[in-house]
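Encoded as structure tokens, the structure appears first; notes follow it.
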Amino acid sequence: MNIIIIEDELKAARSLENMIAEVRPQAKVIAQLQSIESSVKYLTENKQPDLIFMDIQLSDGLCFEIFKSVKITSPIIFCTAFDEYSLEAFKANSVDYVLKPFSKTDIADAFKKVDELKNFFQQSIMPDLGSLLSQIAPPAGKKSFLVFKHNKYTTVSTDSIAFFYIRNEATSIMCFDQQEYALNQSLDQLISLLSPVQFFRLNRQYIVNFSAIKEVEHYFMRKLFVKLTIPTPEKLLINKEKAPVFLNWLENR
């Protein structure tokens, strides 16, 4: 099995190649690519591999730009630190979607899925996964959260939540009426429960509701400064790597 790795972090690419060698010693990594540009060039000029491991956020943008320039028929295992791209990944020949930091077990499980679908992926023409996706609705997300405050349990509607954030190493809800509640879940757990259409994880500290966003400004070092309709304890900044993803989310909700 010939494999290519598309990953802009060299350390992560080497780690992945080592895991592949342990899990599937008969496989061969024939190329490591770091950008959209180099990936398009390689896939245009060379025979497509049996499998592609692909990071979603590359040095020059989102990997989905690759599919606009070259038709990929190889099955793909996406590797990423964020999970808000799962629906788009599904449309792009995805066999699995592995969240960083991944383990050898994660990679072994991904190969197991490839094996189970081996006959399927031996076909010369991939099915139109996009049309399959259009037949299912996007995840609606959790409708409310049970909270405890002033010795009472109550429910908070998700639509009434402006943002979730980390405060003093604990997770809190801030509502549009500026009422605040503590939660036991981490932001990693919350983002998997929320609608990806309604909520976006700006950084390690904040998940925001689209309805809470007032405006977005360019900031120092190509970051974005997000202003909400209610005050926040600190400036909400998005790094330059995630900025294109956020702007795409704003535009294509």
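The values are calculated or read from the model by the stated rules, or taken from the named source; none is laboratory data. Model, not experiment: these values are computed from the prediction. As a convention, Cβ positions derive from the backbone with ideal geometry for all residues, glycine included, and neighbour counts pool all protein chains shown. For accessibility, only protein heavy atoms count, side chains too; no ligands or nucleic acids. Shrake-Rupley method; radii C 1.70, N 1.55, O 1.52, S 1.80 Å.
Using the basic label-point model (7 angstrom from Cα toward the beta carbon), what is the SER160 to SER15 distance in nanometres?
4.1 nm
What are the ³J(HN,Hα) values, in whole Hz, obtained from phi via the Karplus relation 6.51 cos²θ - 1.76 cosθ + 1.60 with θ = phi - 60°, for each residue of the stretch 191-208 in sequence order, with x given for Gly and Pro?
5, 7, 8, 8, 5, x, 7, 8, 10, 9, 8, 6, 7, 6, 9, 9, 10, 10
Residue by residue through the stretch 234-247, which ³J(HN,Hα) values in whole Hz follow from phi under the Karplus form 6.51 cos²θ - 1.76 cosθ + 1.60 (θ = phi - 60°), with glycine and proline marked x?
Those phi angles translate into 8, 5, 9, 10, 10, 5, 5, 5, 8, 4, x, 5, 5, 5 Hz.
In this model, which of LYS71/LYS100; LYS100/LYS152; LYS142/LYS235; LYS149/LYS242; LYS68/LYS113; LYS47/LYS223 are farther than 30 Å apart at the alpha-carbon?
With Cα atoms farther than 30 Å apart: LYS100/LYS152; LYS149/LYS242; LYS47/LYS223.
What is the stretch 1-57 by shape, rounded, prolate or oblate, if you read a ≥ b ≥ c off the alpha carbon gyration tensor as root eigenvalues and call it rounded for a/c under 1.5, prolate for a/b larger than b/c, and oblate otherwise?
Working: a/c = 2.59, a/b = 1.25, b/c = 2.07.
Oblate.
Pull up all non-local amide H partners of ALA162: gap of 5 or more, or a different chain, and H-to-H distance under 5 Å with H placed in the peptide plane.
MET174, CYS175, PHE176
Which net charge results for the neighbourhood of SER15, defined as the other residues with beta-carbon distances under 14 angstrom from its beta-carbon, given Lys and Arg at +1 and Asp and Glu at -1?
Local net charge: -3.
Summarise the accessible area of the stretch 148-253 (1.4 Å probe, protein heavy atoms) by the percent that is carbon and sulfur.
47 percent
How far is it, in nm, from the label point at GLN198 to the one at PHE176 when both lie 7 Å from their Cα along the line to the Cβ?
About 1.1 nm, to one decimal.
Out of the total accessible area of the stretch 27-72 (probe 1.4 Å, heavy atoms of protein only), what percent is carbon and sulfur?
That share works out to 47 percent.
Given a Förster distance of 35 Å, report the FRET efficiency between MET1 and ARG222 from their Cβ-Cβ distance, rounded to the nearest 0.05. Could you put the intermediate results ahead of the total?
Values: r = 39 Å, r/R0 = 1.11.
With R0 = 35 Å, the Cβ-Cβ based efficiency is 0.35.
In whole Hz, with x marking every Gly and Pro, tabulate ³J(HN,Hα) for the stretch 46-54 from phi via Karplus 6.51 cos²θ - 1.76 cosθ + 1.60, θ = phi - 60°.
Couplings: 10, 5, 5, x, 6, 7, 10, 9, 9 Hz.
Could you order the peptides 34-43, 108-117 from most to least packed, using the average number of other C-beta atoms within 10 Å per residue?
The packing order, highest mean first, is 34-43, 108-117.
Based on the Cβ-Cβ distance from LYS143 to ASN248, what FRET efficiency comes out when R0 is 30 Å, to the nearest 0.05?
Efficiency, rounded to the nearest 0.05: 0.70.
For GLU215 and LYS41, calculate 0.36 nm times their separation in residues minus their Cα-Cα distance, and state this gained length in nm to one decimal.
Numbers: separation 174, 0.36 × 174 = 62.64 nm, distance 3.74 nm.
Length gained, GLU215 through LYS41: 58.9 nm.
How high is the FRET efficiency from GLN185 to LYS104, r the C-beta distance, R0 25 Å, rounded to 0.05?
Calculated transfer efficiency: 0.35.
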